[in-house]
Amino acid sequence: MVESLSVFTALTLGLLGGAHCIGMCGGIAATVGIARPDARTPPLVMLLSYNGGRILSYSCAGALLGALGVLASGSFATLLLRTLAGLMLVAMGLYIGRWWQGLLQLERAGNLFWRHLRPLASKLLPARSPGQALLLGLVWGWLPCGLIYSTLIWASAAADWRQSALLMLCFGLGTLPAMLTTGLLADQLRRLLAKRLTQHVAGVLIIAFGVYTLPLQGLLQLLT
């Protein structure tokens, strides 16, 4: 079973990354949540369907990368995975805090994959039913995002596809408050997350998680 701290960390990463999620997916969420005169489905149902598909994609990606992590057996490989996971969290904190944007390179690399999915996402817009919103979320969940990529690498350190999938599920659930309120046009939370102080506090907390994740004792033993 995944440790409670890991689940808590995954949820917190999603919550703290809310400002970035609004920037990446807020426009689509707002489009899905717009009530149309001819629509019979409430906006909240559409938003839950879209976000359910998005979170399912995160979980599938976590399972895939977690399965690859299983292949890395042995104490040295585990040490490397945990070190990489901790460093990625530190990089994510610097990214969220707007101190260093190196993760944008990961997003650019992901564009090579996304360009094949973008036409499918375009065909699903505008979403006119919960099923279509679910499919849109499934596709949009693969949008190149440094926040998601760094969380995926962190989750893969569990070296168990089920745990990695669960961690990504919890991360996705952590992003829900920002995504739902944005989709329902709640501007107060959007303004709060956009404040520089909020971003700095979130960045510091994520960096602290990264330092905690680093296997410092194991690294010191390896160096000595």
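Taken together, the values in this text are just the output of simple stated rules run on the coordinates, not laboratory data. Being a predicted model, the structure only gives us computed values, none of them experimental. Neighbour counts are summed over all protein chains in view; Cβ atoms, including those assigned to glycine, are modelled from backbone coordinates with ideal geometry.
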Order of Ser150, Ser6 under a 10 Å beta carbon neighbour criterion, fewest first:
Ser6, Ser150
Just flag the trypsin sites (Lys or Arg not before Pro) in region 60-149 sitting in loop per DSSP whose Cβ has no more than 16 other Cβ atoms within 10 Å.
Arg98, Arg128
Assuming 0.36 nm per residue, please report the length gained on full extension of the stretch Arg115 to Val201 beyond their Cα-Cα distance.
27.6 nm
Fewest to most Cβ atoms within 10 Å: Phe171, Phe8 sort as Phe8, Phe171
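Calculate, in nm to one decimal, what Tyr212 and Lys123 gain on full extension: separation in residues at 0.36 nm each, minus their alpha carbon distance.
Full extension from Tyr212 to Lys123 adds 27.7 nm.
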So which chymotrypsin sites (Phe, Trp or Tyr not before Pro) in region 43-142 pass both tests, a DSSP loop state and at most 14 other Cβ atoms within 10 Å of the Cβ?
Trp99, Trp100
